[in-house]
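Just so it is clear, none of the values below were taken in a lab; they were calculated from the coordinates. The shown structure was predicted, so the numbers you read here are calculated from the model rather than taken from an experiment. Because the Cβ atoms are built from the backbone with ideal geometry, glycine has one as well, and the counts that use them run over all protein chains shown.
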Amino acid sequence: MLKHATNSLGQMPGNFQDGAIFLIKALLNLYVIAGFGLAFVASLAWIAAVSRLELSFAYPFTSLGFVLVLILSALFFNEPLKPIRIIGVVTICTGVYLVSRS
């Protein structure tokens, strides 16, 4: 959501006055608002997870966000799926699998 918003808003200006106007526009952007809302929901889900699981077990699963971002950025923003990134994601998934087995 936030990446989509920044694509439509453009780059943040370097000077203070234009930067402040940019931030106000960003905070009023529906995609930014939705992105913050989703981040809040994710925070609530994280609270629920750590209240029930050991932190050393739950925390490695947050790295699956990298996997999701890689896939969704390729689908929605046509970002390249470079072999080294795919190897990295496979490594992450292998690590999460090993943690889940412990």
For Tyr97 and Ser8, compute 0.36 nm times the residue count separating them, minus their Cα-Cα distance, and round to one decimal in nm. 28.3 nm
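What number, in percent, do you get for the relative contact order of the chain if the mean sequence gap of Cα pairs under 8 Å and at least 6 apart is divided by its residue count?
Details: 42 pairs, mean separation 22.4, N = 102.
Relative contact order for the chain comes out at 22 percent.
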So, in nm, how far is label Phe16 from label Ser63 when the simple model puts each one 7 Å beyond its Cα toward the Cβ? 4.3
Run through all the Cα pairs of the chain and give the fraction in each 10 Å bin from 0, expressed as whole percent. 13, 30, 31, 21, 5, 0
Kyte-Doolittle cut-off -1.0, length cut-off 15 Å along the helix's own axis using Cα: show which whole DSSP H helices in the chain pass. 16-28, 30-52, 64-77, 83-100
